[in-house]
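Q: Just passing along the structure, written as C-alpha cells.
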Amino acid sequence: MPVLTQISSRVLNESDTPTAKAIASTIGRMITAGELPVDTKLPTVRQLSRSLAVSPTTVSEAWQGLSAVGAIETRGRNGTYVRVPSGRGSPRRYRRVTAGSSHLAIDLSTGTPDPDLLPDLGPHIARVGRNSFTSSYLDSPVLPELEELLLASWPFEPESLTVVDGAMDALDRVARVVLRLGDRVIVEHPCFPPLLDLLEQLGCEIIGIDMDENGMVPDGLRTALEQRPTAVFLQPRAQNPTGIAINESRAKHLSEILEPSSALVIEDDHANDISAAPLVSLGSWLPHRTVHIRSHSKSHGPDLRLAAVGGLGD
Ligand SMILES: Cc1ncc(COP(=O)(O)O)c(C=O)c1O
C-alpha cells in the first residue's frame, strides 16, 4: 500500500478531524511499531493535507513535532524521511557528563555513594539465602512486612505499590507506560541527564522549567501547562544536580497549579533518607495523579538497586 494511503487511512481511522498532534502521534505510533521503517519517504505536506482534508499548516505542524523529537528528518529537496533512531538505550548525556571527570578529587556528578559509608549488607543477604520468603510465584510481589513498612512512611496513600530495580528502572517503566512519541513532558531545569536521555529515546518533547531555591518556579509551570503536557517529572529533595529541596508551601502551590490539568506527577526521591531535608510530596495534594519513587541505592548501595514505586494504579 502506498505510504500516503497507509498514513491517511490510519490517521482518519483514529480521528475524524485530525489535529497536528493527532497526526504526529499516529505517525509516531506507526514508526514505533515498525510500520514505517527507517528511511521511509513520507508524503509531502500538500499531498497529506489534501488526503486528510486539513490545512497544510496542520500537517506542517505535525512534521515539526515529529522532527523536533528526532523521528523524521527533511533531506533538503529530496523530501522527508523516517530517521535512524538516535540510539535507543544509549545514555548519551550521562556519558558526556561523566567523561573527563577523572581529574576531580571527588566527582559528585555521578551520584555514586562513597562505598566506605555504605552499610555491610552481608549478614542480611545471608539471611535471605537461609530463609524462604515466598512459597509460590503467585505470592504478592512485595513481602507483606516490607509493604507495611513502606506504607507506614509513604508520603500519601498509594493506589498500588511495588518494588523495582532502582529509581532509574522505575522512571523507565513508568515513562514507557504513560508516555507516547510526541508527548510533551515537563522536567526541572537543570535535571538528571539520564532522564533526558530516556525521554528523548521515547520521542517526547521536553519542556524544562527553571528552578529557584524552593524548586520549580510556579509561573514557569503555569505557562508550560498551557502546552498540555502528559507528565511532570521532579525530584522532591537533594535535586540532582542543584541539591534543592521542595518545601511544603512550594509543593502545595505547584499542586494547586497542576490541579486543573491532567498531567501526571512523577517524583524521584533518589536520595531518600540520606537527604537532610524532610520529604514533601505533591502526592499529598494530588494522590490520584502522582507516582512516587523511593530509591535505596544511596543508602544501601547502587549494586543493590532497589526502589519502591507507589501511587496511581493502572
Ligand atoms: C536524580 C536521580 N535519579 C535516579 C538515580 C538512579 O537511582 P537508582 O540507583 O535507584 O537507579 C540517580 C542516581 O544518581 C539520581 O541522581
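Laboratory data are not the source of any read-out in this text; all were calculated from the coordinates shown. The shown structure was predicted, so the numbers you read here are calculated from the model rather than taken from an experiment. Positions of Cβ are backbone-derived with ideal geometry, glycine not excepted, and every protein chain shown enters the neighbour counts.
Q: Please give the direction-averaged projected area of the C-alpha convex hull for the range 142-311, in square nanometres with one decimal. Each step should come with its number before you reach the end.
A: On the way: hull surface 35.4 nm².
Result: 8.9 nm².
Q: Taking the Cβ of residue 296 as the center, what net charge do the other residues with Cβ under 14 Å away carry, scoring Lys and Arg +1 and Asp and Glu -1? Numbers along the way, then the final one.
A: Values: positive: 294, 298, 305; negative: 165, 169, 268, 269, 273, 303.
Taking every Cβ under 14 Å from that of residue 296, the sum is -3.
Q: Also: Looking at the chain, identify the longest residue range that excludes and avoids all chymotrypsin sites (Phe, Trp or Tyr not before Pro) in DSSP loops having at most 14 other Cβ atoms within 10 Å. Before the final figure, lay out each step's value.
A: On the way: sites that count: 133, 137.
By the stated rule (loop sites, at most 14 other Cβ atoms within 10 Å), 138-314.
Q: For the range 3-82, taking Cα atoms only, what is the radius of gyration to one decimal and the Dmax to the nearest whole Å?
A: When restricted to Cα atoms, the range 3-82 yields Rg and Dmax of 11.1, 31 Å.
Q: Same structure again: Using 0.36 nm per residue of separation minus the Cα-Cα distance, give me the extension gain between residue 143 and residue 39 in nm, one decimal. Write out the running numbers ahead of the final one.
A: Numbers: separation 104, 0.36 × 104 = 37.44 nm, distance 4.85 nm.
Difference between extended and current length: 32.6 nm.
Q: Next up: Quick check on the chain: of the DSSP beta bridges with both residues there, what percent are antiparallel, nearest 5%?
A: For the chain, the DSSP antiparallel bridge percentage is about 50.
Q: If you don't mind, another one. For residue 121 and residue 223 in one chain, what is 0.36 nm times their gap in residues minus the Cα-Cα distance, to one decimal in nm?
A: Using 0.36 nm per residue and subtracting the Cα-Cα distance, I get 32.1 nm.
Q: For the chain, what is one quarter of the convex hull surface built on the Cα atoms, given in nm²?
A: Numbers: hull surface 80.6 nm².
Seen from a random direction, the Cα hull of the chain projects 20.1 nm² on average.
Q: In Å³ and rounded to a whole number, note down the convex hull volume per residue for the Cα atoms of the range 186-273.
A: On the way: hull volume 7.5 nm³, N = 88.
Spelled out: Cα convex hull of the range 186-273, divided by residues, is 86 Å³.
Q: Sticking with this one: If one computes the Cα centroid of the range 214-288 and of the range 158-203, what distance in Å separates the two points?
A: Result: 14 Å between the Cα centres.
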